[in-house]
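Have a look at the structure below, then the notes.
The values are calculated or read from the model by the stated rules, or taken from the named source; none is laboratory data. Note that this is a predicted model, so its numbers are computed, not measured. Here the Cβ positions follow ideal geometry from the backbone for every residue, glycine too, while neighbour counts run over all protein chains shown. SASA here: full protein model, heavy atoms, side chains in, ligands and nucleic acids out. Shrake-Rupley method; radii C 1.70, N 1.55, O 1.52, S 1.80 Å.
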Amino acid sequence: MSSKEKTTSSKQYLRWPWSKKRNVDRTVGQPEDQAPTEQVDSDQEINAGRIQQAPTGPVPVAYPQGVASNTATSSSSQERRLEDPTSREASASTSPSEMAQATVSGAEAPSSLFSYASHFVVNGLQINAHHGSNSNDPSGWERLLQNTAPNALHDSEYRFDPPKCDEDTRVDVIEELMGWVQDRESPQRLLCMTGAAGSGKSALQQTVAEECSGLDILASTFFFSSTDPNRNTVSAVIPTIAYQLGSNNPILREAMSAAVTKDPLIFKKSLKTQMNRLIVTPFEDLSKVISKSELTAFPYAILIDGLDECTDEQRQAELLVTIDDCLIQNDALPFRVFLTSRPEWAIRSALEVTGHLYEKAYHIQLSDQYDASGDIRRVLWRRLRDIGRRSGDTRAQSPSWPSKEEIETLVVNASGQFIYAATVIKFVSERRSSPVDRLRIVITWTPKDRAQPFAALDLLYTNILSVAKEAYEAAHPERDFLLLLRAYQLMQDSSWIFPLFSPYSSDVTDLFDLEDNAHRRILDQEEGIIHFKLGLRMQPTFEQIHYTPT
């Protein structure tokens, strides 16, 4: 097909209704609202690369014969360079070696790129001097920050008011934990604490983190959460730990940055490769240039909470192996690692007699080794008395409330699980109701069969949801409370299904055709307990309550 035929048969471009009209007559780089400039006649006299007939508008830059221009004209510039139509043929017939000779040929070569130009203006000049790197590329440290999980830090704003141990509770276990952390001569440099859901592992981890921070020995923390897509996988664990370590020392930070710059795909490598290149090697290099006293003073406590909340068990196992191979078995590193988890497959198999951590880890089985009943009794008594003093109900302000019988019933129902006590306190503390009446309701929710360890907790959740359902649907009879709650839960728990929505955004309100701030009425019902921090541990409850979507 000839060039003329190609021109006449050019395709019609598709346009979306919201896209602007395509200006096919516009010269590349010319603003859309500017009319096309009049083309200069090709017979215009050009002599020795210098323009004899001055065109209208700004004077373009011209180059002497034989000198090739490698400067790119800005797309926003209004100047147009006049080109000799024969120059293309000449350049096409010139060999690369001849072009190079013409460019550097002695006296005729200009001493400056603009030696033959005059009376011109350069607008929007930008010079990038990054010696072979793209100026838009982030530094290695910035790349590392982009792969961290800030929500996983013990003092993250996302975890505002995190669970932690009340004063004079869990005293024995906290003393054992802090004693292990500070005993740097102990041969076991990994402590694994396992316990059932709601046994207080995260509260203990948060308490230990704050105490270590106060002693300036906290190196890093990572709190897993199954409900947060940024910290329910192991992908961000090592970058987040590296960030915290690098923040403590500029030499370490530079070494980590250099490692990322050298290998930008480091975050797609195995956990062991990441650990070695981002933490082990930089720290070993640091130990060679600082004194032994400085190395001893470096923060060394690494805390990882809720390994079981990582969604992939194989990745949980990979992280345990990586910690063992890279940190625990390396005597050149000062770190001591405190890790908590439910006793699920990955950590259970690693800690059993045939597991790779059996002799290397100090294992605390929280639910078996410590009876939390005394601590739960103290927490319930103190918190309920505080609620009574702030209440407008005179019955709650009485020194006899709550009664010893009520407290003992709650302690028995808790079965050593702090989450039961925390849920009761949250339910009773609803300001628009009487704490006395609410506590009486909770006492009636005592299971007849206590053979199941979480029978009381399941019954508590079930009844709280039922009360919330009745209250919400009384105000909104056309809606299904449990169906909406489940939808919010799925949005929070499955960001890969709903990547564009936050359960708390106005977009979701519009999607479900709900009133403003509906999520507060659904998730933080007047019952005061339906909140994701506890709600996503209610999975058995959703299965127990049968409902039919309308």
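Show me the helices (runs of 4 or more DSSP H) entirely contained within the range 411-475 in which 1 or more residues are modelled with pLDDT under 85 and surrounded by 16 or more Cβ atoms within 10 Å (Cβ to Cβ).
Values: elements: 418-428, 435-444, 455-475.
The qualifying helices (runs of 4 or more DSSP H) are 455-475.
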Specify the residue that is least open to solvent (accessible area, probe 1.4 Å); the eligible residues are those in the range 274-317 that are acidic (Asp, Glu), closer than 21 Å to Gln244 by Cβ and under 21 Å from the mean Cα position of the chain (by Cα). Asp305
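One residue is enough: does the range 361-369 have a residue meeting the conditions acidic (Asp, Glu), under 20 Å from Glu175 (Cα atoms) and free of Cβ contacts under 8 Å to residues at least 40 places away in the same chain?
So in the range 361-369, the residues acidic (Asp, Glu) come out as 368.
Of the ones still in play, those that are also under 20 Å from Glu175 (Cα atoms) are 368.
Then keep just the ones that are free of Cβ contacts under 8 Å to residues at least 40 places away in the same chain; that gives 368.
Yes, the range 361-369 contains at least one residue that is acidic (Asp, Glu), under 20 Å from Glu175 (Cα atoms) and free of Cβ contacts under 8 Å to residues at least 40 places away in the same chain.
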Run Thr194 past the list (1) surrounded by fewer than 20 Cβ atoms within 10 Å (Cβ to Cβ); (2) within 24 Å of Gln329 (Cα to Cα); (3) among the hydroxyl-bearing types (Ser, Thr, Tyr) and report the number of the one that doesn't hold. (1)
Residue count for the range 162-181, restricted to those that are more than 20 Å from Gly306 (Cα to Cα) and in contact with a strand residue (DSSP E or B) (Cβ under 8 Å, 6 or more places away or on another chain): 0
When residues of the range 197-235 are filtered for being farther than 24 Å from Ser367 by Cβ and open to solvent by 10 Å² or more (accessible area, probe 1.4 Å), how many remain? 11
I'm told Arg184 meets every condition in (1) part of a helix (DSSP H, G or I); (2) over 19 Å from the mean Cα position of the chain (by Cα) except one. Can you identify the failing condition by its number? (1)
Looking at the range 456-479, I want the residues that are within 16 Å of Phe427 (Cβ to Cβ) and have a partner that is part of a helix (DSSP H, G or I) and basic (Lys, Arg) with Cβ atoms under 8 Å, at least 6 apart or on another chain. Which pairs are those? Tyr472/Arg521
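Residues checked against (1) under 21 Å from Phe224 (Cβ atoms); (2) surrounded by fewer than 19 Cβ atoms within 10 Å (Cβ to Cβ); (3) within 37 Å of the chain's Cα centre (by Cα):
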| site | (1), (2), (3) |
| --- | --- |
| Phe335 | yes, no, yes |
| Leu339 | yes, no, yes |
| Lys360 | no, yes, yes |
| Gly374 | no, yes, no |
| Arg385 | no, yes, no |
| Arg390 | no, yes, no |
| Thr409 | no, yes, no |
Scanning the range 261-300 for residues that are within 25 Å of Cys212 (Cα to Cα), β-branched (Val, Ile, Thr) and either at pLDDT below 95 or not in a helix (DSSP H, G or I) (or both) gives Ile290, Thr296
Out of all the residues in the range 325-336, is one or more farther than 19 Å from Phe283 by Cβ, part of a helix (DSSP H, G or I) and without any contact (Cβ under 8 Å) to a residue 60 or more places away in the chain? no
Is at least one residue of the range 238-257 surrounded by fewer than 22 Cβ atoms within 10 Å (Cβ to Cβ), part of a helix (DSSP H, G or I), in contact (Cβ under 8 Å) with a residue 60 or more places away in the chain and of a type in the set (Lys, Arg)? yes
